[in-house]
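The values are calculated or read from the model by the stated rules, or taken from the named source; none is laboratory data. It should be emphasised that the depicted structure is a prediction, and the values quoted were computed from it without experimental measurement. Because the Cβ atoms are built from the backbone with ideal geometry, glycine has one as well, and the counts that use them run over all protein chains shown.
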Amino acid sequence: MANIPQILDKLNIAKLNPMQTQAMDTISNNPNTVILSPTGSGKTLAFLLPLISILDEKNREIQALIVVPSRELAIQIEQVARNMGSGFKINAVYGGRAGSKDKIEIKHRPAILIGTPGRISDHIRREVFDVSNIKTIILDEYDKSLEIGFEDEMIDIISSLPNLERRILTSATQGVEIPSFVNMKDCKTINFLQKKQSLLKIKTVMSPTKDKLDILVKTLCHIGDKSGIIFCNYKDTIQRVSEYLDKKGVSHGCFYGGMEQKDRERALIKFRNGTHNIIIATDLAARGIDIQDLDYIVHYQLPLKKEEFTHRNGRTARMNSKGTAYVFTHKDENLPEFIENYKEEILQRKPLPQEPLWATLFISGGRKDKISKGDIVGMFLKKAGLDNDKLGTIELKQDCAFVSVHKSEVFGLIEKVNNTRLKKKKVRISLI
């Protein structure tokens with residue numbers, strides 16, 4: 001059994017929220033569970049806690065699969081699971097990196113394997129691991145996996161598991177049909193969607209021209225030095241918006257499906273640690289990625305479906321916080337039926353948002369080198385003499401780490417600590 005208080009202490013969580021408490025009880029006492037809860041409400045912990053409680057410590061094979069629609073969500077769940085410090089091995093597999101790397105990592109079998117449908121299905125088809133011990137499957141954001149075309153892979157995965165006893169589905173969308181191939185007989189549903197009054201404000205921004213680039217910059221000036229996402233429908237639009245913001249001197253990052261996996265991960269890291277306060281993204285960023293507490297989102301282009309409008313808006317005003325969604329439009333534009341007559345925002349004339357104070361350094365060593373966050377803090381504070389308030393967020397990965405530091409200290413720091421030894425590894429330090 002998992003030591004719940006100890007795990008929560010490691011995660012710096014005082015207590016579970018009502019959804020998580022109900023999910024733990026329902027999953028523990030029922031073979032089939034559906035969790036419906038908004039993005040950012042803690043669904044990952046809601047299914048990981050009861051999952052860890054039912055794992056067999058003596059079993060040296062994979063016991064549970066967590067299937068997710070995106071690489072970012074796989075990485076996010078893997079990070080949360082490892083931070084829990086349960087003692088069980090956990091690995092994530094996904095497209096965008098060599099399959100040989102997966103095989104090396106899962107040669108010593110994890111108890112929990114997290115991954116995208118295509119990559120997990122491929123490993124099962126190639127018989128990379130034994131499936132006979134897998135008794136639990138979790139389809140996280142299952143409707144998103146179906147929406148982006150992973151139905152065949154999900155069918156292949158589930159039909160390949162002969163001893164499946166427990167199924168858990170999660171979604172942030174109301175009323176999505178559960179596919180018959182999952183075989184969710186007599187399932188129990190936990191529904192926390194729309195139970196609390198949202199603190200989200202939705203406002204219209206009227207552009208005087210059909211080209212909305214100029215009004216976007218004015219809106220960002222109006223909003224000020226806050227954290228938010230600008231949503232576009234296409235990567236070409238993102239590139240055009242990005243070039244315009246570059247020209248105007250507005251710092252930002254980009255995030256969309258056509259980017260290399262490494263660049264996508266780094267864009268999110270820099271957004272999380274304050275190197276960028278603004279990110280321009282497609283609906284890939286609307287759910288299933290690890291981004292905390294945004295002040296606002298901008299619908300630079302409106303989505304084609306109401307569900308995506310809802311998921312985009314769900315990136316702000318989360319967990320009882322306030323937030324604003326700005327809908328960009330033009331007087332000659334035909335709006336979708338799901339866009340209501342929202343109050344128009346009158347933009348105030350303000351200067352450009354200030355440049356963020358933080359930059360991100362890459363360190364060429366991680367957990368597999370026995371490097372800890374404490375080692376990294378010691379290197380910067382003691383060896384390099386960095387003031388504590390000039391050191392920001394540290395994200396430690398398996399084979400590397402990313403550290404935010406005050407921009408004013410970057411180049412002096414690199415000179416002092418590049419090629420320093422951390423534990424037994426000589427690490428390279430560079431600006432990304």
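Condition first: out of contact with any His (no Cβ under 7 Å at 6 or more places or on another chain), outside any loop (DSSP other than H, G, I, E, B), over 18 Å from I27 (Cβ atoms) and not aromatic (F, W, Y). Can you find one or more residues in segment 46-69 that meet it?
No, because not a single residue in segment 46-69 is out of contact with any His (no Cβ under 7 Å at 6 or more places or on another chain), outside any loop (DSSP other than H, G, I, E, B), over 18 Å from I27 (Cβ atoms) and not aromatic (F, W, Y).
Assess whether L386 counts as being in a loop (DSSP other than H, G, I, E, B) and in contact with a strand residue (DSSP E or B) (Cβ under 9 Å, 6 or more places away or on another chain). Full working, then the answer.
Numbers: in a loop (DSSP other than H, G, I, E, B): yes; in contact with a strand residue (DSSP E or B) (Cβ under 9 Å, 6 or more places away or on another chain): yes.
Criteria met by L386.
Kindly evaluate I90 against the criterion of being touching a Gly at 6+ places or on another chain (Cβ under 9 Å), touching a residue at least 12 places away in the same chain (Cβ under 8 Å), among the β-branched types (V, I, T) and not assigned by TED's automatic domain parsing to the domain that holds A286.
Numbers: touching a Gly at 6+ places or on another chain (Cβ under 9 Å): no; touching a residue at least 12 places away in the same chain (Cβ under 8 Å): yes; among the β-branched types (V, I, T): yes; not assigned by TED's automatic domain parsing to the domain that holds A286: yes.
So I90 does not fit the description; no.
With within 20 Å of the chain's Cα centre (by Cα) and outside any loop (DSSP other than H, G, I, E, B) as the only criterion, which of E265, E243 stands out? Give the steps one after another, and end with the answer.
Values: E243 fails: within 20 Å of the chain's Cα centre (by Cα).
When all the criteria are applied, what remains is E265.
Of the residues in segment 124-149, how many are more than 29 Å from T282 (Cα to Cα) and part of a helix (DSSP H, G or I)?
Kept after step one, since they are more than 29 Å from T282 (Cα to Cα), are these residues of segment 124-149: 124-136.
Okay, now just the ones that are also part of a helix (DSSP H, G or I), so 124-125.
The qualifying residues number 2.
Counting just the residues of segment 413-432 that are surrounded by 13 or more Cβ atoms within 10 Å (Cβ to Cβ) and of a type outside the set (A, V, I, L, M), which one comes out farthest from the chain's Cα centre (by Cα)?
K416
Could you say which residue among A98, A23, A92 is of a type in the set (A, V, I, L, M) and under 16 Å from the mean Cα position of the chain (by Cα)?
Values: A98 fails: under 16 Å from the mean Cα position of the chain (by Cα); A23 fails: under 16 Å from the mean Cα position of the chain (by Cα).
So the residue among A98, A23, A92 that is of a type in the set (A, V, I, L, M) and under 16 Å from the mean Cα position of the chain (by Cα) is A92.
Counting just the residues of segment 103-118 that are touching a helix residue (DSSP H, G or I) at 6+ places or on another chain (Cβ under 7 Å) and in a helix (DSSP H, G or I), which one comes out nearest to K89 (Cα to Cα)?
From segment 103-118, those touching a helix residue (DSSP H, G or I) at 6+ places or on another chain (Cβ under 7 Å) are 112-118; that's our starting set.
Then keep just the ones that are in a helix (DSSP H, G or I); that gives 117-118.
On the way: P117: 20, G118: 22 Å.
Residue satisfying both the conditions and the ranking: P117.
Only one of (1) over 25 Å from N83 (Cα atoms); (2) of a type in the set (S, T, N, Q); (3) free of Cβ contacts under 8 Å to residues at least 60 places away in the same chain fails for N388. Which number is that?
Unmet for N388, out of (1) over 25 Å from N83 (Cα atoms); (2) of a type in the set (S, T, N, Q); (3) free of Cβ contacts under 8 Å to residues at least 60 places away in the same chain: (1).
Checking the conditions here, which among F328, F362 is surrounded by fewer than 20 Cβ atoms within 10 Å (Cβ to Cβ) and touching a residue at least 12 places away in the same chain (Cβ under 8 Å)?
Working: F328 fails: surrounded by fewer than 20 Cβ atoms within 10 Å (Cβ to Cβ).
Criteria check complete, one pass: F362.
Could you tell me whether segment 420-428 includes any residue that is outside any loop (DSSP other than H, G, I, E, B), modelled with pLDDT under 95 and of a type in the set (S, T, Y)?
yes
From P5, P50, which residue is more than 20 Å from the chain's Cα centre (by Cα), at pLDDT 95 or above and at negative phi?
Numbers: P5 fails: at pLDDT 95 or above.
Just a single option satisfies the conditions, and that option is P50.
Over 30 Å from K248 (Cα atoms), surrounded by 12 or more Cβ atoms within 10 Å (Cβ to Cβ) and polar (S, T, N, Q) - does that describe any residue in segment 386-396?
No, the conditions are met nowhere in segment 386-396.
Please count how many residues of segment 392-416 are closer than 18 Å to R428 by Cα and assigned to a strand (DSSP E or B).
Initially, segment 392-416 is screened for residues closer than 18 Å to R428 by Cα, giving 394-405, 409-416.
Still in the list and also assigned to a strand (DSSP E or B): 394-396, 401-405.
Count: 8.
Would segment 333-356 turn up any residue that is closer than 17 Å to I202 by Cα and either of a type in the set (K, R) or in a strand (DSSP E or B) (or both)?
Within segment 333-356, the first condition is being closer than 17 Å to I202 by Cα, and the residues that meet it are 335-347.
If we keep only those that are either of a type in the set (K, R) or in a strand (DSSP E or B) (or both) as well, we get 343-344.
Yes, segment 333-356 contains at least one residue that is closer than 17 Å to I202 by Cα and either of a type in the set (K, R) or in a strand (DSSP E or B) (or both).
Have a look at K322, K373, K350 and point out the one that is under 24 Å from H276 (Cβ atoms), outside the structural domain of G274 (by TED's automatic domain parsing) and out of contact with any His (no Cβ under 9 Å at 6 or more places or on another chain).
Working: K322 fails: outside the structural domain of G274 (by TED's automatic domain parsing); K350 fails: out of contact with any His (no Cβ under 9 Å at 6 or more places or on another chain).
Matching residue, one of K322, K373, K350: K373.
Of the numbered conditions (1) under 17 Å from Q398 (Cα atoms); (2) modelled with pLDDT of 90 or more, K101 fails exactly one; give the number of that condition.
(2)
Results for (1) of a type outside the set (F, W, Y); (2) more than 27 Å from R312 (Cα to Cα); (3) surrounded by fewer than 23 Cβ atoms within 10 Å (Cβ to Cβ), shown as yes or no for each residue.
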{"site": "L36", "(1), (2), (3)": "yes, no, yes"}
{"site": "T39", "(1), (2), (3)": "yes, no, yes"}
{"site": "T44", "(1), (2), (3)": "yes, no, yes"}
{"site": "I52", "(1), (2), (3)": "yes, yes, yes"}
{"site": "R60", "(1), (2), (3)": "yes, yes, yes"}
{"site": "G115", "(1), (2), (3)": "yes, no, no"}
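In segment 278-328, how many residues are touching a Gly at 6+ places or on another chain (Cβ under 8 Å) and of a type in the set (F, W, Y)?
1
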